[in-house]
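The values are calculated or read from the model by the stated rules, or taken from the named source; none is laboratory data. Note that the structure is a prediction, hence the values are computed from the model and not measured. Here the Cβ positions follow ideal geometry from the backbone for every residue, glycine too, while neighbour counts run over all protein chains shown.
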Amino acid sequence: MPRHSSSTLEVLTLLALLMAGPLLGSLAGSQEIITVELGEFYFEPSTITIPAGQTVRLVIMNLGSISHTFTVPGLNIDVTLGPGETVEIEVTAEEPGELELVCRFHIAQGMVGTVVVAQAQPVETVTVTETVTETVTITETQADPGAETVTVVETIVSTETVTTTLELTTTLERVVTQTETVTSTETVTDTTTVTIEEARLGVSALFLVIGILVGVAASFLLRRG
């Protein structure tokens, strides 16, 4: 049975890159990962964007030489990191909007930022359908000595239809629905061929007729002479 050709994968990859290329960098399974660096006295990036209604993993790294906090009062987040420490947390924000991000120890030094909770983008669906048809013809000749010869021609036609549906969102969540429809038909044709013995009888009869005609012609010529 034929399987998907490599063109299917190429088409799906091209469509995904065209529609969601900028988002591939933040893809990790089904969860987005955002890395945030802290130092004296900054957040990098200073504006963090997360999608509403989705869980995001934040990897927070303190690259500074003193302790800092990652504090977002609107999300009840308050993490203290010592020098060189890294902390991972999961964040889920339901309501779109902008929230204040601060380091409680260094607000006076201007160590502030913003968390933007963005409205989730509508799902875009791409459907790719590929049909592959393969025809195989097998010819087999069976013969028994002194018997008629039978030629069997068998034709097998296989058709496979594959439909793949991709749902692309801000995190490139890929939902694939695949259906396969397989149709097979077989055609068998029997052909009977004349054997050698039957062919010899036919040739003998032909020579007999020719001999009779030659005799008649000779008699006619003798009479005229």
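Here are the numbers for the structure shown:
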| read-out | value |
| --- | --- |
| Some residue of segment 138-154 being in contact with a helix residue (DSSP H, G or I) (Cβ under 9 Å, 6 or more places away or on another chain), at pLDDT below 70, surrounded by 14 or more Cβ atoms within 10 Å (Cβ to Cβ) and not assigned by TED's automatic domain parsing to the domain that holds PRO73 | no |
| Residues within segment 69-113 that are more than 15 Å from THR35 (Cβ to Cβ) and either within 41 Å of the chain's Cα centre (by Cα) or part of a strand (DSSP E or B) (or both), tallied | 18 |
| Odd one out for VAL72, checked against (1) surrounded by 13 or more Cβ atoms within 10 Å (Cβ to Cβ); (2) under 17 Å from GLU40 (Cα atoms) | (2) |
| Residues of segment 90-108 satisfying the condition of being farther than 12 Å from ILE50 by Cβ and either among the aromatic types (Phe, Trp, Tyr) or surrounded by 12 or more Cβ atoms within 10 Å (Cβ to Cβ) (or both) | GLU100, VAL102, CYS103, ARG104, PHE105, HIS106, ILE107 |
